[in-house]
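Visitor: The structure under discussion is supplied below as structure tokens; questions concerning it will follow.
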Amino acid sequence: MVDPLAAEVRRLRTVEQLSVREIRARTGLGRNKVYDLLRGVPAPERTRRPNAKDELRAEAIELRGLGRSVNDIARQLGVARSTAYQWVKHLPLDPDDQAAERRRDHAARMTEARWAAHRETRDAAQADARRRAAETVGPLDERDLLLLGAAIYWCEGTKSKPWRRDDRVQFVNSDVRLLRLFLRFLETCGVDRGVPAYRVSIHESADAVAAERWWAGELDLPAERFRRATLKAHRPNTVRRNIQGDYHGCLVIDVPRSRELYWRIEGLVAGLDDMIT
């Protein structure tokens with residue numbers, strides 16, 4: 001004898017193409033009961049969630065057909081090598097190296113043609129958004145500099161801990177714009193650029209002396225205020241990308257006798273918190 005409840009659930013699935021949630025609402029059944037009655041019945045296409053990587057998978061197969069290696073595919077699509085391999089492992093490469101090279105060149109040209117207009121549109125939109133955002137800034141008064149400086153210090157500066165009191169101002173960063181802003185903050189607080197001690201923290205494979213000259217020139221810092229650089233161990237198989245000529249390490253700004261300045265920063269941050277809570 002056919003179970004009328006099961007028959008109705010299957011009819012709702014196959015004829016009306018309802019989802020499990022819609023069937024539960026219609027019948028009042030529990031989730032597990034509905035799944036049990038629908039065992040073996042495929043879900044309607046409209047209830048299937050799209051796979052975010054379907055387009056990437058299709059592009060991987062296309063690139064494989066043009067002779068690209070798994071490593072090349074993974075690098076171009078920004079996915080793990082294991083993922084790229086799973087997508088294309090059923091498509092062996094042509095052993096003809098010259099043919100594979102021609103296909104790779106063709107794929108590169110096709111990809112460039114496909115994305116060139118997109119990149120141009122994206123870059124234009126980015127430039128316009130940055131321009132409009134920059135125009136909203138305007139002149140910075142003393143209060144602006146105090147609040148900005150305190151906020152970035154609380155993000156990037158050395159902070160005292162309840163178990164380790166260290167009430168002093170030390171700021172470390174690799175972004176020259178952020179460091180320039182922090183130096184303006186110090187000047188607003190009455191600390192001239194000739195007062196702090198500066199130190200470069202950089203990997204031992206880089207040129208520390210050249211980095212010191214670069215930081216001094218970019219931020220108009222007195223060379224005699226630089227202390228011996230801190231060298232970090234270099235790993236030959238590093239995953240760091242900033243290893244070219246534009247790598248200058250981090251700059252450490254250490255303000256002497258800065259206990260009261262540190263307390264002042266604490267107060268500014270507390271005041272900001274009071275205004276937003």
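The values are calculated or read from the model by the stated rules, or taken from the named source; none is laboratory data. Note that this is a predicted model, so its numbers are computed, not measured. FYI the Cβ positions are ideal-geometry reconstructions off the backbone, even for glycines, and counts take in every protein chain you see.
Visitor: If a residue counts only when it is small (Gly, Ala, Ser), which helices (runs of 4 or more DSSP H) contained entirely in the range 135-234 have at least 1 such residues?
Guide: 142-156, 208-219
This table checks each residue for (1) under 17 Å from Thr111 (Cα atoms); (2) in the same structural domain as Arg109 (by TED's automatic domain parsing); (3) at pLDDT 85 or above.
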position: Glu62; (1), (2), (3): yes, yes, yes
position: Leu66; (1), (2), (3): yes, yes, no
position: Val70; (1), (2), (3): yes, yes, yes
position: Arg75; (1), (2), (3): yes, yes, yes
position: Ala80; (1), (2), (3): no, yes, yes
position: Tyr85; (1), (2), (3): no, yes, yes
position: Pro92; (1), (2), (3): no, yes, no
position: Asp97; (1), (2), (3): no, yes, no
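Visitor: From the list Ile152, Ile202, pick out the single residue that is surrounded by 15 or more Cβ atoms within 10 Å (Cβ to Cβ), assigned by TED's automatic domain parsing to the domain that holds Ala270 and modelled with pLDDT under 95.
Guide: Ile202 is the lone residue from the list that is surrounded by 15 or more Cβ atoms within 10 Å (Cβ to Cβ), assigned by TED's automatic domain parsing to the domain that holds Ala270 and modelled with pLDDT under 95.
Visitor: Could you go through the range 118-131 and let me know if any residue there is over 26 Å from the mean Cα position of the chain (by Cα), of a type in the set (D, E, K, R) and in a helix (DSSP H, G or I).
Guide: So far as the range 118-131 goes, no, none of its residues is over 26 Å from the mean Cα position of the chain (by Cα), of a type in the set (D, E, K, R) and in a helix (DSSP H, G or I).
Visitor: Let me ask something else. Output the qualifying pairs, or none if there are none: Cβ atoms under 9 angstrom, residues six or more apart or on different chains, first residue in the range 216-230 and in the same structural domain as Asp192 (by TED's automatic domain parsing) and on the phi > 0 side of the Ramachandran plot, second residue in a loop (DSSP other than H, G, I, E, B) and surrounded by 14 or more Cβ atoms within 10 Å (Cβ to Cβ).
Guide: Asp220/Arg193
Visitor: Of everything in the range 1-45 that's in a helix (DSSP H, G or I) and β-branched (Val, Ile, Thr), which residue is surrounded by the fewest Cβ atoms within 10 Å (Cβ to Cβ)?
Guide: Once the filter is applied, the top-ranked residue is Thr14.
Visitor: Is there a residue in the range 120-128 that is hydroxyl-bearing (Ser, Thr, Tyr) and assigned by TED's automatic domain parsing to the domain that holds Ser258?
Guide: No, there is no match, as no residue in the range 120-128 is hydroxyl-bearing (Ser, Thr, Tyr) and assigned by TED's automatic domain parsing to the domain that holds Ser258.
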